Each structure stands twice: as structure tokens, then as C-alpha cells.
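Participant: Before anything else, here's the structure in question.
The values are calculated or read from the model by the stated rules, or taken from the named source; none is laboratory data. Remember, it's a predicted structure, so these values are computed and weren't measured experimentally. For neighbour counting, all protein chains shown are included, and Cβ atoms are generated from backbone atoms with ideal geometry for every residue, glycine included. Side chains are part of the model used for accessible areas, which takes the heavy atoms of the whole protein and leaves out ligands, DNA and RNA. Shrake-Rupley method; radii C 1.70, N 1.55, O 1.52, S 1.80 Å.
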Amino acid sequence: MRRSIATVCLSGTLADKLSAASGAGFDGVEIFENDLLAAPSSPAELRVRCADLGLAVELYQPFRDAEALPPDAFARVLRRAERKFDVMAGLGADTVLMCSSTSPEAIDDDDLAAEQLHALAERAGARGLRIAYEALAWGRHVSTWDHSWEIVRRAGHPSLGLCLDSFHVLSRGSDPSAFAAVPADRLFFLQLADAPHLSMDVLEWSRHHRLFPGQGAFDLPGFLGNVLAAGYRGPLSLEVFNDVYRQSDPARTAVDAMRSLVHLEEELGRAPAVSALRDRPALTAPPRAPELTGHAFAEIGVDAVSRPVLGHALETLGFTHTGQHRSKPVERWQQGDATVLLNAASLLAGDLGQAVVGALAVSSDDPDASVARAEALRAPVLPRSKGPAEADMAAVAAPDGTSVFFARTRGNWMADFLPTGDEPDAGTGITRIDHVGLSQPFDHADEAFLFYRAVLGLAPETSNEFAAPFGLVRSRTVVDRSRRVRLALSVAVLRRGEWAPGVPDPQYVAFATDDVVATGRALRAAGAPLLRIPDNYYDDLDARLALDPDLLAGLREVGALHDRDAHGGYFHLATTVLGSRVFFEVVQRTGEYAGHGSVDAPIRMAAQRRHRLDPD
């Protein structure tokens, strides 16, 4: 199926937007009228430019306030329409989007609306053009898709059909399965947008908070499956109004948009409404995500100052420095199945003493297939130098700059490290990496969420917001099917003023244990840089959860935090911030607890703040 994007999704001039759409691999564009008005090229010249870029002009939009009007107002509409039909002829666009009226002049009369749309369609059809009528969710009298269909049905003109917009349909809570009642030849166009569930004015929701598919909370596979089951075979087109996208590099945004459509087509292939079709449309999906079996390693970039700090912390956590890379200044630290690499070759910005989680590796049953999937999802493989005896392990760059490696399950990448002669001892009870926490820049948080979800084949697990000591933080977790690979992605929702005492973009590696109290005692005895948690926290914990007194005393002793829900429990303790922004956690899960204790994050952040002010 053809893939299209509305120019309103992208930042820049129309020339910038067309180049970005073509570069990302789109087949066509919806040209937004404001973009055309500001362009120095004529419609005919733009038609040639689009053809040179391999883009079809799928739609011209929007034509507003066209129907259910008094005679004098409708006369003006007819004149305006003829002029816009001229523009469409120049562009080579055969379909115009007409939105349901928001004009105060509009009359609540479906028969009048149908009559006037029929008149417009008659003029459009005479010129080989079509009108796609769309119900705006905030339309004055027509605000639902089924109401718009009733008007199109009454109008009864072959050049008049529907435009179905996922935001307008799903924001109103309409049932997409009812699309089956619409003849396929009346479904003229489809616009796709995701969004978070918000309780706010629907116009403001639409104009500022739309997202690309897979980044929000709408069931777009279900929506699109019902559209295709009704017989639609036109382009899959994105129309997303978003404040961030309107200011971002259009080339990067277009790649993010294309990734969202590729991922949506993959999810769509599993939708019951589509799999049951006899004339199933040809969908282009990436290679299936191979099974992931865990975190192979987390790599922390260090410098001459932060390297001994991180090394000492790992040692007190029970890790052993077991290997040195053959050709690079990279150390391997191990305990149980947990591996941490300290990379002194990373180029770190800022003053000495910096540290950053610069890379992570997931164990894949088929790394070659993981790479092929990443490339299909517009995540090219990073160039990487390696010695003749070193493993060929590919990596891709995530939007936040993290390198994501694909290590073969039970592979030989460990042979890249020469043994130090020190073997891992009994350790402190740490068994493996439970998850990695990565802070995201606000402007790229949604892009990163989709990237990790789509490229690694992960599924959303939890999503929440919490009030941290220095602002609101949004957290989203993605996980693989076996729950052996977890990523906790967080973003500061808003930043105001110059006072910013919090750790900028904190990152952490969380290690699993089967007994957080026993491990915590071992860490305290070894001198690990664990946080001290106030007694106030434990007094409240006792009041809320009535924990076993011995357990509560153990948690208080080691400084562990605790959360629980209907599915299980979560115990976690944290270190101080090491270097500039990195810390470690040790966690214990019970039952089917799926989160990462974000409700306790403000307590941890405050404790880390106190330690930075008074390290002693």
C-alpha cells in the first residue's frame, strides 16, 4: 500500500518538507494549503518537483466551511471551490479534503448540507476531481464520522466520499467496526494519527498532542484493520499536528514517521479483521523480531576521573574485573549473568568526571535478522572498527545517541576480551541485568519510545507520570515477550527557569537479585555507595502496607524502597550518582510486578540530591 505524509507534519518550508518526505521513502504527500501559499513555486512547478522526488500529490487540504450555509455564503464557497480546483489541476491532485463546517453561519440541516455538497461534487466531478468529506471532532453540527457518512449517503454523488481520520473517530469514542456499512467506493481517503488519552478540549488535543502511530494510546491496528476490511485500498497517510514536530529537523521527523508506518503495517498483519480478508492488501512488514534472551551487557563511557569511581563502585557491588578488550581501552566486569563494560574510549563532552550509559547490547537468537529488521525500520547500522580476531557485532544508533548492539545468544563476543586472571567470586547475590533506565530529551522522547519498541520488537508495559523534586517526569517501560529485556524510558515533561539542581538526564543500570535485603547487607559491608533513605519513608510504608516487622526492619537497614500492586511486589535500592549522571540499582521482583518502582523515584532523587550537597 502507498505511504503518504501530510506536509503539516513537518517543519520548514514546503521545499524542506518535500525533500524530507522523499528522503524517508514516502510515496506521496498531502499538501497543506498554508504550505502552498508560502511557496514561491506555482502549482504546476510543484507538480514537477514532486514527480522528480518520486512523490504523488495524494490530497490537497483543507477546504473549510463549505456546507449547510445560507445562499449568499454558499455562492462564495462555489467561487472559492472553482479556484481551488484550478490549484489542484496544477498540482496533479485529484482529491480535496473538505472538513465539516465550524462556521457560525452553518445551519443544522443535513438535507441542506447534502444538497450543497452534491453541488460541489458535481463541479469537482466535471473536472475529474473528488471531494473527501471529513467530520471534524469539533465540527459545529457534524462531529462524528457516522454523521458525515449519512450526509454523503444523502448527497448520492460518485465524486463525493468520506475521509476517515483516526483522531477524529477515536477521540470521540466511535466504533470503527461500523465502517463495514460504508461501500468501499465511498471511502476516498484515510488519515492516521495516534495520541495519548487526555481529558481536554478536543480541538486543543488535536492541534498539539497528536503523535505518529505506535507512540500514543489509540488502537490504530484495530482502526486500520476495520478500514481495510471495509474495502479501502488507498494510501496510508499520516496527518499529525504536534508542537515538537513543527520545530524539529524535518528529515529526522520524516524518518520517524516512516518507521511508525512500517511498524503499524507489521502490527496490522496480526489484526483479526485483516487476517480474515480474502483480498488481503499487500503489506510491507519488517523481518520478524528474533527472540531476545536478555541484556548481554551495558556499556558505560568513562574518562580518567570517572573510571576509578565507577570501577570502585562495581567492585563494592560484588563485580569482578575479568577482562580487558584486545584493541580498545574497555574493561569487562562480571557478576552472575550481569556484565558491565567501562569504555575509556568514549568521547565525553563537558568537564572531567563524566560518565554515560553509551551502549547496551541485547542477546538475540539471530543477530543478522535483528540487523535486517533495524534497517527495515530506518535504523542504519553504525560503522564500527574491529580487529581481525574480534567478533562481528553490529550496532544501530537510538534517537538518544545510545548504541544498541545485537549479540548472539551463547555467542563468542566475550572472546574479544583477554582475561585478567581474576575469576568472578560468589558476589553479593546479583544475578543479571533486570533493566536499563535511559532519560530522553523532551523533543525526541516519543521518537525514542517507538524506536526501542519497534526495532527491538518490544511491547509497552507501564506508563505513568510522577512529581519529582525538580519537576514532572513521564516514564514508559518496554519489555520483550519473556520479560528478560526491559528498558525504562523517562523524560522531564517541562523545564522552566534557570534553577536546575537535579541530575541532568540521569541513567542507570538495574541489577536483579533474589533477596534485596541479603544483597543490601553484603553491599553495605563492602562499602558500596548506597543511598540513605529517611525514616519518614519507612514510617509511611508501615502505615500504608503493614509489612512484616522483620522485613520492614531489613528494608530500613539497607535503604531499600518498596512498591507493590495487585500483581506482585518490587524492592529496590540505589547508589549515589557516579560520575555526572549514572547510578546503579539492585532490584527484586515478586509475583508478576511489571513496573520499576517509579512511585519511589522522588524519594531516591531527593536522597541523591542530599548526597551531592553533603557527600559525608
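Participant: Would you point out which residue out of ALA66, ALA38, ALA44, ALA24 is touching a Lys or Arg at 6+ places or on another chain (Cβ under 9 Å), of a type in the set (Gly, Ala, Ser) and over 27 Å from LEU283 (Cβ atoms)? Steps first, please.
Facilitator: Numbers: ALA38 fails: touching a Lys or Arg at 6+ places or on another chain (Cβ under 9 Å); ALA44 fails: touching a Lys or Arg at 6+ places or on another chain (Cβ under 9 Å); ALA24 fails: over 27 Å from LEU283 (Cβ atoms).
Unique residue meeting the criteria: ALA66.
Participant: Here's something else I'd like to know. Looking only at segment 191-216, count every residue that is open to solvent by less than 30 Å² (accessible area, probe 1.4 Å), touching a Leu at 6+ places or on another chain (Cβ under 8 Å) and not in a helix (DSSP H, G or I) and tell me the total.
Facilitator: Qualifying residue count, segment 191-216: 9.
Participant: Next question. Does segment 4-15 contain at least one residue that is under 23 Å from LEU162 (Cβ atoms) and small (Gly, Ala, Ser)?
Facilitator: Let us first name the residues in segment 4-15 that are under 23 Å from LEU162 (Cβ atoms), namely 4-9.
Add one more test, that the residue is small (Gly, Ala, Ser), and what stays is 4, 6.
The answer is yes; a qualifying residue exists.
Participant: Looking at (1) within 15 Å of GLU67 (Cα to Cα); (2) in a helix (DSSP H, G or I); (3) open to solvent by 10 Å² or more (accessible area, probe 1.4 Å), which is the one condition that is false for ASP185?
Facilitator: Of (1) within 15 Å of GLU67 (Cα to Cα); (2) in a helix (DSSP H, G or I); (3) open to solvent by 10 Å² or more (accessible area, probe 1.4 Å), only one is false for ASP185: (1).
Participant: Let me ask something additional. Looking at segment 55-73, is at least one residue closer than 16 Å to VAL142 by Cβ, open to solvent by 20 Å² or more (accessible area, probe 1.4 Å) and among the acidic types (Asp, Glu)?
Facilitator: Within segment 55-73, the subset closer than 16 Å to VAL142 by Cβ is 62-69.
Subsequent filtering for residues that are open to solvent by 20 Å² or more (accessible area, probe 1.4 Å) retains 64-65.
Going one step further and asking which of them are among the acidic types (Asp, Glu), we end up with 65.
Yes - at least one qualifying residue is present in segment 55-73.
Participant: Among the candidates ALA106, ALA132, ALA137, which residue alone is part of a loop (DSSP other than H, G, I, E, B) and touching a residue at least 60 places away in the same chain (Cβ under 8 Å)? Outline the logic, then answer.
Facilitator: Numbers: ALA106 fails: touching a residue at least 60 places away in the same chain (Cβ under 8 Å); ALA132 fails: part of a loop (DSSP other than H, G, I, E, B).
The match here is ALA137.
Participant: Would you mind listing the strands (runs of 3 or more DSSP E) fully within segment 500-615 where at least 3 residues are open to solvent by less than 20 Å² (accessible area, probe 1.4 Å)? Lay out the reasoning, then the answer.
Facilitator: Numbers: elements: 507-513, 561-565, 568-574, 582-591.
Per the criteria, 507-513, 568-574, 582-591.
Participant: Of the residues that make up segment 160-169, is at least one open to solvent by less than 20 Å² (accessible area, probe 1.4 Å), over 19 Å from SER101 (Cα atoms) and touching a strand residue (DSSP E or B) at 6+ places or on another chain (Cβ under 8 Å)? Spell out how you get there, then give the answer.
Facilitator: Within segment 160-169, the subset open to solvent by less than 20 Å² (accessible area, probe 1.4 Å) is 160-169.
Restricting the remaining residues to those that are over 19 Å from SER101 (Cα atoms) gives none.
Within segment 160-169, not a single residue is open to solvent by less than 20 Å² (accessible area, probe 1.4 Å), over 19 Å from SER101 (Cα atoms) and touching a strand residue (DSSP E or B) at 6+ places or on another chain (Cβ under 8 Å).
Participant: Just the residues that are open to solvent by less than 10 Å² (accessible area, probe 1.4 Å) and either of a type in the set (A, V, I, L, M, F, W, C) or more than 33 Å from the chain's Cα centre (by Cα) (or both), please, taken from segment 143-154.
Facilitator: To start, the set of residues in segment 143-154 that are open to solvent by less than 10 Å² (accessible area, probe 1.4 Å) comprises 148, 151-152.
Answer for segment 143-154, where residues must be open to solvent by less than 10 Å² (accessible area, probe 1.4 Å) and either of a type in the set (A, V, I, L, M, F, W, C) or more than 33 Å from the chain's Cα centre (by Cα) (or both): ILE151, VAL152.
Participant: Is there a residue being acidic (Asp, Glu), without any contact (Cβ under 8 Å) to a residue 60 or more places away in the chain, in contact with a helix residue (DSSP H, G or I) (Cβ under 9 Å, 6 or more places away or on another chain) and under 30 Å from LEU14 (Cα atoms) anywhere in segment 232-248?
Facilitator: Keep residues of segment 232-248 that are acidic (Asp, Glu), which gives 239, 243.
In the following step, the residues that additionally are without any contact (Cβ under 8 Å) to a residue 60 or more places away in the chain were identified as 243.
After this cut, where a residue has to be in contact with a helix residue (DSSP H, G or I) (Cβ under 9 Å, 6 or more places away or on another chain) as well, the list is 243.
After this cut, where a residue has to be under 30 Å from LEU14 (Cα atoms) as well, the list is 243.
Yes, segment 232-248 has at least one match.
Participant: Give the number of residues within segment 377-401 that are of a type outside the set (A, V, I, L, M, F, W, C) and open to solvent by 60 Å² or more (accessible area, probe 1.4 Å). Explain how you work it out, then say what you get.
Facilitator: Filtering segment 377-401 down to residues of a type outside the set (A, V, I, L, M, F, W, C) leaves 378, 380, 383-388, 390, 392, 399-401.
Adding the requirement that they be open to solvent by 60 Å² or more (accessible area, probe 1.4 Å) leaves 378, 380, 383-386, 388, 392.
Total satisfying the criteria: 8.
Participant: For the list (1) in contact with a Leu (Cβ under 9 Å, 6 or more places away or on another chain); (2) more than 17 Å from ALA68 (Cβ to Cβ); (3) open to solvent by 40 Å² or more (accessible area, probe 1.4 Å), I need the number of the one condition that TRP138 fails.
Facilitator: (2)
Participant: Looking at ALA454, ALA394 in this structure, which one is within 20 Å of the chain's Cα centre (by Cα) and among the small types (Gly, Ala, Ser)?
Facilitator: Numbers: ALA394 fails: within 20 Å of the chain's Cα centre (by Cα).
After ruling out the rest, the residue left standing is ALA454.
Residue-wise test of (1) of a type in the set (Gly, Ala, Ser); (2) touching a helix residue (DSSP H, G or I) at 6+ places or on another chain (Cβ under 9 Å); (3) open to solvent by 10 Å² or more (accessible area, probe 1.4 Å).
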| site | (1), (2), (3) |
| --- | --- |
| PHE417 | no, no, yes |
| PRO424 | no, no, yes |
| GLY427 | yes, yes, yes |
| ARG432 | no, no, yes |
| GLY437 | yes, no, no |
| TYR452 | no, no, no |
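Participant: Within the bounds of segment 92-100, is there any residue that is more than 22 Å from LEU164 (Cβ to Cβ) and assigned to a helix (DSSP H, G or I)? Give the derivation first.
Facilitator: From segment 92-100, those more than 22 Å from LEU164 (Cβ to Cβ) are 92; that's our starting set.
With the extra rule that they be assigned to a helix (DSSP H, G or I), the set shrinks to none.
No, segment 92-100 has no match at all.
Participant: Checking the structure you have, find out if any residue of segment 33-48 is open to solvent by 10 Å² or more (accessible area, probe 1.4 Å), of a type outside the set (A, V, I, L, M, F, W, C) and under 18 Å from TYR133 (Cα atoms).
Facilitator: Yes, because at least one residue in segment 33-48 is open to solvent by 10 Å² or more (accessible area, probe 1.4 Å), of a type outside the set (A, V, I, L, M, F, W, C) and under 18 Å from TYR133 (Cα atoms).
Participant: Going by the structure shown, is GLU82 open to solvent by 10 Å² or more (accessible area, probe 1.4 Å), closer than 18 Å to ARG186 by Cα and in contact (Cβ under 8 Å) with a residue 40 or more places away in the chain?
Facilitator: Numbers: open to solvent by 10 Å² or more (accessible area, probe 1.4 Å): yes; closer than 18 Å to ARG186 by Cα: no; in contact (Cβ under 8 Å) with a residue 40 or more places away in the chain: yes.
The answer is no for GLU82.
Participant: Which condition number in (1) open to solvent by 40 Å² or more (accessible area, probe 1.4 Å); (2) more than 30 Å from ALA276 (Cβ to Cβ) is the one that ASP219 fails?
Facilitator: Going through the list (1) open to solvent by 40 Å² or more (accessible area, probe 1.4 Å); (2) more than 30 Å from ALA276 (Cβ to Cβ), ASP219 breaks only (2).
Participant: Is it the case that some residue within segment 8-19 is part of a strand (DSSP E or B), among the hydrophobic types (A, V, I, L, M, F, W, C) and open to solvent by less than 10 Å² (accessible area, probe 1.4 Å)? Quick ask: steps written out before the conclusion?
Facilitator: At the first step, the residues of segment 8-19 found to be part of a strand (DSSP E or B) are none.
No; the residues of segment 8-19 include none that is part of a strand (DSSP E or B), among the hydrophobic types (A, V, I, L, M, F, W, C) and open to solvent by less than 10 Å² (accessible area, probe 1.4 Å).
Participant: Any residue in segment 183-198 that's more than 15 Å from PRO221 (Cα to Cα): show its pairings with residues that are charged (D, E, K, R) and surrounded by 14 or more Cβ atoms within 10 Å (Cβ to Cβ) at Cβ separation under 6 Å, as long as the two are six or more apart or on different chains.
Facilitator: Note: pairs meeting the criteria are PHE188/ARG130.
Participant: Could you check segment 381-488 for strands (runs of 3 or more DSSP E) lying wholly inside it with 2 or more residues that are touching a residue at least 12 places away in the same chain (Cβ under 8 Å) and among the aliphatic types (A, V, I, L, M)? Explain how you work it out, then say what you get.
Facilitator: Details: elements: 395-397, 403-408, 417-419, 430-439, 459-468, 471-479.
Qualifying strands (runs of 3 or more DSSP E): 395-397, 403-408, 430-439, 459-468, 471-479.
Participant: Across segment 310-330, what is the total count of residues that are open to solvent by 10 Å² or more (accessible area, probe 1.4 Å) and assigned to a helix (DSSP H, G or I)?
Facilitator: 2
Participant: For ARG521, only one of the following conditions fails: (1) of a type outside the set (Phe, Trp, Tyr); (2) free of Cβ contacts under 8 Å to residues at least 60 places away in the same chain; (3) in contact with a Phe, Trp or Tyr (Cβ under 6 Å, 6 or more places away or on another chain). What is its number?
Facilitator: With respect to (1) of a type outside the set (Phe, Trp, Tyr); (2) free of Cβ contacts under 8 Å to residues at least 60 places away in the same chain; (3) in contact with a Phe, Trp or Tyr (Cβ under 6 Å, 6 or more places away or on another chain), ARG521 is out only on (3).
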